[in-house]
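Visitor: Would you mind keeping the following structure in view while I ask a few things?
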Amino acid sequence: MKELIKKVVETYGPAGNEGRIRELIQKEIAPFVDEMRVDALGNLIALKRGNGSKKLMLAAHMDEIGVMVTHIDKHGFLRFYPVGGLSPLTMLGNRVVFENGTIGVIGAEKLEAQKDLTLNKLFIDIGANSKEEAAAKVGLGDVAAMAREFADLGPRLIAKAMDDRIACAILIEALRAVKQPAYDIYAVFTTQEEVGLRGARVAAYGITPDLGIAVDVTRTGDTPESATMDVSLGKGPTVKIRDSSLICTPAVRKFMEGVAAQNGIQYQLEVLEAGGTDAGAIQLTKGGIPAGVMSIPCRYIHTASEMVDYEDVLNGVKLLTHIMETEFMG
Amino acid sequence: MLLKRLSEAFGPSGCEGDVRNVLLEELSPHVSEWRRDALGNLIAVKPHAKSPRVMLAAHMDECGLMVSSFDRSGLLRFRKVGGLDDRVLISKHVVIGPKKINGIIGAKAIHLQKPEERSQVIPLSGLYIDIGAKSKEDAEKLVKIGDYAVFATEFKPLSETVVSGKSFDNRAGCAILAEILKEDFAVDLFGAFTVQEEIGLRGAGVAAYGIDPDLAIVLEGTTCHDLPPSKEHGYCTTLGGGPAITVMDASVICDKGMIAELLRLAKEHNIPIQFKRSITGGSDGGRINQSREGVPVVVISVPCRYIHSPVSMLSLCDFNHTLHLVRLFLNSIAEGGFTI
């Protein structure tokens, strides 16, 4: 599975620019699904037919955070806005890559003090000597993603865009592994999650599922002097209780816990103070949809080096596969 | 001039009737089918078979004030409707309520202010509207609690190409949409004049749900910031720089295919064009984009200096270029040159 993870995390696809990652996933899942379509917002919606009469929507977002070019100065430096939640602290010195392969490094203006480091003091240097030279490679409105290769540390993995490509990989693997789906499974690889859960909202409207589960990453509290959070790497995927976007439907949470317990899969409960997931948008669709979230614990979220535990990932595949095979009695 | 009429019309969020009436009067010879929904959105329908359903949207509402209580002396206390800057309120003429009563936002004269007061912005709680009433009873005969007020600003040309007036955000968009609706295009066209944008993009969402379009173009009068002491990379849009295309704002990422087509048309027809560089603030595009199963959206704006204040400024060149670009885009859709 590590090969698949490497492929999906390294592929370019910031919010609003998910074309490449979508093509990759389309190829990966084609053998395991019955139908595929792409909607107006670019969501990839795959249907795998099952035995039940109910519809299960599973959502993993394809988009990653990025930076959008807003200005090119006469010396060829680019100014940018964040696409999704970015901290200037983690940007400086990082490399970014545009869809056409152009690489740039993030530099900063002279600062009086380190606390003055804000996003508008940063710029991208693509090695151009003039506005014309820069404009030949990159245009206004173009979006770059973090440029960073996948690192396999054995039990742990580091990459950019683990949020949320690790969930894309898990969903792909679960589609491969599932034997007897208890639902018509709508596996949705969503767009624009990082800018406001936008893809999932319209996808859920079109599908109108009986049950919606998002797969995402969540932060941990297991690093030195970190903020309190009862989630650690290596203790299994989480069953979410709440985040800023939803209180998971209690029956769905219990259902997910039950499936994990029945199959001997280690899991953790997750209470996330800040941050949202696609499930928040799914839950509020039309007259309301029962919704839950399975998260993979992840350190250093929204940086170029997000870390997950490989056992958590494998357990995530197991839990998701069993969810697909177990009917939700709501 | 339609822009003058629209600019001077009374239409804060939730009270867009006067603007609606101006538009109905202006467009009745050109549009035969109208819809008015529960929130007050006005939708002109110009059907055409064998074409995608195209929604054009421009919000009618402007930022304003609402009377919240009376002082015994007959002064009116008020709340803001939409994102007005407290610092621009003092000493402005306003018109209030259905009777269009004249008033002034008063404040203590400088001679009477203590030194520390002079260095501070007077908070909203220290401001009032004076309608010249002698008492509460006197004031209540003219104005009711809940009445809206807007700035009393006359439309004026400043030069051959630059005009000033209130609420170009978004009467500029309304004027362009109205001009488009006077013409005929071989597309299935829904011209939506929306309500309550300034207080949360409220009209556009329900309008889009009702129309169920295949694609949407939002017309706006947007922030133009091209002035000192900002550095050039901090500019938002430039007056006279042509229509401003939004790639992304706080509410929407615009459709790449539609943007590419607008750029192509602009280049082919020598229309100056610019990207809006600020991403703060949302637009009706956000709600339309998120309607039903999702709608591809693009936002095209006329750059307007000093919006959300008593007076704004725009370039008629930008206005005409924006109008022409929209016209070209609709023709491109009609001729099958652009498809989703």
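Visitor: Assuming R0 = 30 Å, what is the FRET efficiency of residue B:118 and residue A:112, from their Cβ-Cβ distance, to the nearest 0.05?
Guide: 0.50
Visitor: Here's something else I'd like to know. Pop out the ³J(HN,Hα) list for the range A:129-139 in order, Karplus 6.51 cos²θ - 1.76 cosθ + 1.60 with θ = phi - 60°, rounded to Hz; leave Gly and Pro as x.
Guide: Along the range A:129-139, the couplings run 9, 8, 4, 5, 4, 5, 5, 5, 9, 9, x Hz.
Visitor: Rg/Rh for the protein assembly as shown: what does it come to with C-alpha atoms and Rh from Kirkwood?
Guide: 1.01
Visitor: Report the one residue of A:171, B:115, B:1 whose Cα lies farthest in the direction of the positive end of the charge dipole of the protein assembly as shown (charges on C-beta: Lys and Arg +1, Asp and Glu -1; origin at the Cα centre).
Guide: Positive-most Cα among the choices belongs to B:115.
Visitor: Suppose we keep just the DSSP beta bridges with both residues in chain A; what percent of those would be antiparallel, to 5?
Guide: If I count the DSSP bridges inside chain A, around 65 percent turn out antiparallel.
Visitor: Give me the extension gain from residue A:241 to residue A:125: residue separation times 0.36 nm, minus the current Cα-Cα distance, reported in nm with one decimal.
Guide: Length gained, residue A:241 through residue A:125: 37.5 nm.
Visitor: For the range B:111-190, take N as its residue count and report Rg(C-alpha) divided by 2.2 N^0.38 Å.
Guide: Rounded to two decimals, the normalised Rg is 1.83.
Visitor: How big is the range B:64-151 on each of its three principal axes, counting only the C-alpha atoms and giving the largest first in Å?
Guide: Dimensions of the range B:64-151 along the principal axes of its Cα atoms: 38, 29, 18 Å.
Visitor: Continuing with the same structure: Which of the residue pairs A:2/A:27; B:99/B:182; B:156/B:182 have a Cα-Cα distance greater than 22 Å in the structure shown?
Guide: Correct reply: B:99/B:182; B:156/B:182.
Visitor: Rounded to the nearest 500, what is chain A's calculated 222 nm mean residue ellipticity when only DSSP H runs of at least 4 contribute -39500 (n - 2.57) each, over all residues?
Guide: -8000 deg cm²/dmol
Visitor: With only Lys, Arg, Asp and Glu charged, each at its Cβ (+1 for the first two, -1 for the last two), find how big the charge dipole of the range A:66-146 is about the Cα centre; round to the nearest 20 debye.
Guide: Charge dipole, the range A:66-146, about its Cα centre: 100 debye, nearest 20.
Visitor: Kindly identify the range A:113-217 as rounded, prolate or oblate by the Cα gyration tensor criterion: order the square roots of the eigenvalues as a ≥ b ≥ c, call it rounded if a/c is under 1.5, otherwise compare a/b with b/c, prolate if a/b is larger, else oblate.
Guide: prolate
Visitor: Whose amide H sits under 5 Å from the amide H of residue A:275, counting only residues 5 or more places off or on another chain, with H placed in the peptide plane?
Guide: A:244
Visitor: Using alpha carbons only, how many degrees (0 to 90, rounded to 10) separate the axis of helix B:17-27 from the longest principal axis of chain B?
Guide: 40
Visitor: What does the convex hull of the Cα atoms come to per residue for the range A:255-327, in Å³?
Guide: Normalising the Cα hull of the range A:255-327 by residue number yields 116 Å³.
Visitor: Another question, if that's okay. Taking only DSSP H segments of four or more residues, each worth -39500 (n - 2.57), what value at 222 nm results for chain B once the sum is divided by all its residues, to the nearest 500 deg cm²/dmol?
Guide: -8000 deg cm²/dmol
Visitor: Let me ask something else about it. Which pairs, out of A:54/A:286; A:110/B:276; A:131/B:231; A:74/B:231; B:46/B:276; B:108/B:134, put more than 23 Å between their alpha-carbon atoms?
Guide: A:110/B:276; B:46/B:276
Visitor: Beyond 32 Å, how much of the Cα-Cα pair distribution for chain A remains, as a whole percent?
Guide: Everything past 32 Å amounts to 27 percent.
Visitor: For residue A:240, give me every one of the lysines with a C-alpha distance below 19 angstrom, ignoring sequence neighbours fewer than eight places off in its own chain.
Guide: A:254, A:318
Visitor: Turning to a different aspect of this structure: May I ask which residue of A:92, A:104, A:145 lies farthest towards the positive end of the charge dipole of the range A:66-146, with charges of +1 (Lys, Arg) and -1 (Asp, Glu) on Cβ and the Cα centre as origin?
Guide: A:92
Visitor: Taking only Cα atoms and a 10 Å spring cutoff, compute GNM fluctuations for chain A and point out the largest among A:273, A:194, A:149.
Guide: Highest fluctuation of the listed residues: A:273.
Visitor: Shielding of B:278-288 by partners, i.e. mean partner chain Cβ atoms within 10 Å per residue?
Guide: Whole-number average of other-chain Cβ neighbours for B:278-288 is 1.
Visitor: Another question, if that's okay. Under unit Cβ charges (Lys, Arg +1; Asp, Glu -1), what dipole magnitude, rounded to 20 debye, does the range B:120-269 have relative to its Cα centre?
Guide: 440
Visitor: Between helix B:202-211 and chain B, what is the angle of the helix's C-alpha long axis to the longest principal axis, kept within 0 to 90° and rounded to the nearest 10?
Guide: 30
Visitor: If the viscosity is 1.306 mPa s and the temperature 10 °C, what Stokes-Einstein diffusion coefficient in µm²/s follows for chain B when Rh is the Kirkwood radius over Cα pairs?
Guide: This corresponds to a translational diffusion coefficient of 77 µm²/s.
Visitor: Oh, and also: Determine the relative contact order of the range A:66-146: mean sequence separation of Cα pairs under 8 Å and six or more apart, normalised by residue count, in whole percent.
Guide: Value for the range A:66-146: 44 percent.
Visitor: Next up: Under a 10 Å cutoff between Cα atoms, tell me which one of B:295, B:88, B:311 has the largest fluctuation in the Gaussian network model of chain B.
Guide: Greatest mean-square fluctuation among the candidates belongs to B:88.
Visitor: Using the Cα centre as the reference, give the magnitude of the dipole from point charges on the C-beta atoms of chain B (Lys, Arg: +1; Asp, Glu: -1; all else neutral), rounded to the nearest 20 debye.
Guide: Dipole magnitude for chain B comes out near 780 debye.
Visitor: A further question on this structure: Go through B:28, B:78, B:47 and say which Cα lies farthest out towards the positive end of the charge dipole of the range B:19-86; charges sit on Cβ, +1 for Lys and Arg, -1 for Asp and Glu.
Guide: So the residue furthest toward the plus end is B:47.
Taken together, the values in this text are just the output of simple stated rules run on the coordinates, not laboratory data. Note that the structure is a prediction, hence the values are computed from the model and not measured. Note that each Cβ is placed from the backbone with ideal geometry, even for glycine, and that neighbours are counted across all protein chains shown.
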